[in-house]
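Report on one structure; see the data block that follows.
The values are calculated or read from the model by the stated rules, or taken from the named source; none is laboratory data. Since we're looking at a predicted model, the values are computed, not measured. Glycine also receives a Cβ, built like all others from the backbone with ideal geometry; neighbour counts cover every protein chain displayed.
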Amino acid sequence: MTRPDLPSGTYGFGDLAVGDSWAIGTAQVTPALIDGFAALTGDRFEIHMSDEAAARYGFKARVAHGLLVLSVVDGLKNLSPVQLRAVASLDWQWTFSSPVYAGDTITARITVTSIGLTKKADRGIVMLGFSVTNQDGNVVQAGTNQLMMLI
């Protein structure tokens, strides 16, 4: 039986079903967060650093790094009231469909899209689908995360 709003708790591989879904928290993407990510990574492409530069490229304001948003979403997943007994992320497939601007608030919904076994008896693989939206409900990023979990 799938659960469209998986209750809070900690889940192992055998506790999940394809179709289980849950919302994770929200985060505001601030100019300070963008600046910190630029300092950490060295990615100072000008659309990330100033409104004026972003406007020259046709954006309404500073654009957050796509990988910053993905990193924030992964952090929200790990802080969610729904916790998974994970061993490691094995793969990310991700699409950046709309810009996330300084000041935007993002959230995501996670859905279990597939479940499979590994060669190790104590581990399984779960594919998680993500839909990331901004404060207006527009999808800004989406993708999948292949997660190795304890059984």
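Quick check on SER98: is it modelled with pLDDT of 95 or more and either out of contact with any helix residue (DSSP H, G or I) (no Cβ under 8 Å at 6 or more places or on another chain) or of a type in the set (Asp, Glu) (or both)? Give the steps one after another, and end with the answer.
Working: modelled with pLDDT of 95 or more: yes; either out of contact with any helix residue (DSSP H, G or I) (no Cβ under 8 Å at 6 or more places or on another chain) or of a type in the set (Asp, Glu) (or both): yes.
When the stated conditions are applied, SER98 passes them.
Return the residues of segment 112-128 that are out of contact with any helix residue (DSSP H, G or I) (no Cβ under 9 Å at 6 or more places or on another chain) and part of a strand (DSSP E or B); say none if nothing qualifies.
Once the filter is applied, which keeps residues that are out of contact with any helix residue (DSSP H, G or I) (no Cβ under 9 Å at 6 or more places or on another chain) and part of a strand (DSSP E or B), segment 112-128 yields VAL112, THR113, SER114, GLY116, MET127.
Out of segment 19-74, which residues are among the small types (Gly, Ala, Ser) and either closer than 11 Å to VAL100 by Cα or in contact with a helix residue (DSSP H, G or I) (Cβ under 7 Å, 6 or more places away or on another chain) (or both)?
Of everything in segment 19-74, those that are among the small types (Gly, Ala, Ser) and either closer than 11 Å to VAL100 by Cα or in contact with a helix residue (DSSP H, G or I) (Cβ under 7 Å, 6 or more places away or on another chain) (or both) turn out to be GLY25, ALA27, ALA38, ALA53, ALA54, ALA61, ALA64, GLY66.
Rundown of residues vs (1) farther than 20 Å from ILE24 by Cα; (2) of a type in the set (Val, Ile, Thr); (3) touching a His at 6+ places or on another chain (Cβ under 6 Å), yes/no style:
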| position | (1), (2), (3) |
| --- | --- |
| PHE45 | yes, no, no |
| ASP51 | yes, no, no |
| ASP74 | no, no, no |
| GLN83 | no, no, no |
| LEU90 | yes, no, no |
| THR113 | no, yes, no |
| VAL132 | no, yes, no |
| GLY143 | no, no, no |
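Considering ALA32, ALA54, ALA17, ALA39, which residue is at pLDDT 95 or above, at negative phi and surrounded by 18 or more Cβ atoms within 10 Å (Cβ to Cβ)?
When all the criteria are applied, what remains is ALA54.
Could you tell me which numbered condition ILE47 fails, if it satisfies all but one of (1) surrounded by 14 or more Cβ atoms within 10 Å (Cβ to Cβ); (2) within 20 Å of the chain's Cα centre (by Cα); (3) over 19 Å from MET127 (Cα atoms); (4) not small (Gly, Ala, Ser)?
(2)
Please work out which one of (1) under 24 Å from GLY9 (Cα atoms); (2) touching a residue at least 40 places away in the same chain (Cβ under 8 Å); (3) surrounded by fewer than 17 Cβ atoms within 10 Å (Cβ to Cβ) is the condition LEU117 fails and give its number.
For LEU117, the exception is condition (2).
Determine which member of the set HIS48, HIS65 is in contact with a strand residue (DSSP E or B) (Cβ under 8 Å, 6 or more places away or on another chain), closer than 30 Å to SER80 by Cβ and at pLDDT 95 or above.
Criteria check complete, one pass: HIS48.
Mind checking which residues of segment 1-34 are assigned to a helix (DSSP H, G or I), under 21 Å from GLN135 (Cα atoms) and without any contact (Cβ under 8 Å) to a residue 60 or more places away in the chain?
Within segment 1-34, ALA32, LEU33 meet the criteria.
Please go through segment 17-37 and give me each residue that is among the aliphatic types (A, V, I, L, M) and within 19 Å of the chain's Cα centre (by Cα), ordered by number. Step through it out loud before you land on a result.
First, pick out the residues of segment 17-37 that are among the aliphatic types (A, V, I, L, M): 17-18, 23-24, 27, 29, 32-34.
Of everything in segment 17-37, those that are among the aliphatic types (A, V, I, L, M) and within 19 Å of the chain's Cα centre (by Cα) turn out to be VAL18, ALA23, ILE24, ALA27, VAL29, LEU33, ILE34.
Scanning for something in a loop (DSSP other than H, G, I, E, B) and modelled with pLDDT of 95 or more, does segment 70-82 turn up at least one residue?
yes
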